[in-house]
Amino acid sequence: MKCPFCGNPESKVVDSRPTDEGDSIRRRRECLVCRKRFTTYETIERVPIVVIKKDGSRQSFDRSKLIGSMLKSCEKRSVPLSTLEGIADEIELTLQNDMAKEVKSSDIGNMVMEKLKTVDEVAYVRFASVYRQFKDINSFRKELNKLFKEK
């Protein structure tokens, strides 16, 4: 780590501790030449995730879009935002752990539906209706029948 004061590449770690969020390590360092102290942060390098849309186009994974789509499904429902953020965290962690650089939007949609099914059945059906592009009442009926059979 290069000293920000004198540019010397040699320093020693004086103190190390996790940040309040727990997603990085704060390190206090001391330059071996000028003896000045400075702080660095060590974080996990995340692999960028590219989402392959139904039309074949590609775009970067956007956590806020994921939460936004779930919020629409949960409109006027008593589902706390923290629950939806937790679902988004779980899905993002799953995608990061899979180490796949590209993921189909349909795979993400299926993950969201599985999570919403356990949180709020109405939100699940709303999400499924948009995600699966229900064309008529029979499509709704089939999805509801599947839900009833699982119970």
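All of the numbers you see were taken from the coordinates with simple rules; none came from a lab. The model shown is predicted, which means the values in this text are computed figures rather than measured ones. No Cβ is skipped: glycine too gets one built from the backbone with ideal geometry, and neighbour counts run over all protein chains shown.
Determine the relative contact order of the range 1-118: mean sequence separation of Cα pairs under 8 Å and six or more apart, normalised by residue count, in whole percent.
Once normalised by length, the contact order is 19 percent.
Just report the Cα centroid separation between the range 5-70 and the range 126-151, whole Å.
A separation of 41 Å, based on Cα centres.
Between residue 10 and residue 130, what is 0.36 nm times their sequence separation minus the Cα-Cα distance? Round to one decimal in nm.
37.6 nm
Measure up 117/142; 53/146; 65/115 against 22 Å on the Cα-Cα distance and list the ones that go over.
53/146
With N denoting the number of residues in the range 9-86, provide Rg(C-alpha) divided by 2.2 N^0.38 Å, to two decimal places.
So the range 9-86 has a normalised radius of gyration of 1.80.
Arrange the peptides 30-38, 16-24 so that the one whose residues have, on average, the most other Cβ atoms within 10 Å appears first.
30-38, 16-24
Helix-only mean residue ellipticity at 222 nm, the chain, DSSP H runs n ≥ 4 weighted -39,500 (n - 2.57), per residue, nearest 500. What is it?
-14500 deg cm²/dmol
Label-point separation (nm) for residue 85 and residue 47, each offset 7 Å from Cα along Cα-to-Cβ?
2.7 nm
If each residue of separation counts as 0.36 nm, what is the full-extension length gain between residue 106 and residue 28 once their alpha-carbon separation is subtracted?
Taking 0.36 nm per residue and subtracting the Cα distance, the gain is 23.6 nm.
Can you tell me what share of the DSSP beta bridges in the chain is antiparallel? A percent to the nearest 5 is fine.
Here the antiparallel bridges make up roughly 85 percent for the chain.
Going 7 Å from the Cα of residue 147 toward and past its Cβ, which residues in the range 60-85 have a backbone nitrogen under 12 Å from where you end up?
Counting backbone N atoms under 12 Å from the label point, the list is 74.
So if I place +1 on the C-beta of Lys and Arg and -1 on the C-beta of Asp and Glu, and nothing else carries charge, what would the dipole magnitude of the range 1-101 be about its Cα centre? I want it in debye, nearest 20.
400 debye
Please give the direction-averaged projected area of the C-alpha convex hull for the range 2-151, in square nanometres with one decimal.
Projected over every direction and averaged, the Cα hull of the range 2-151 covers 12.9 nm².
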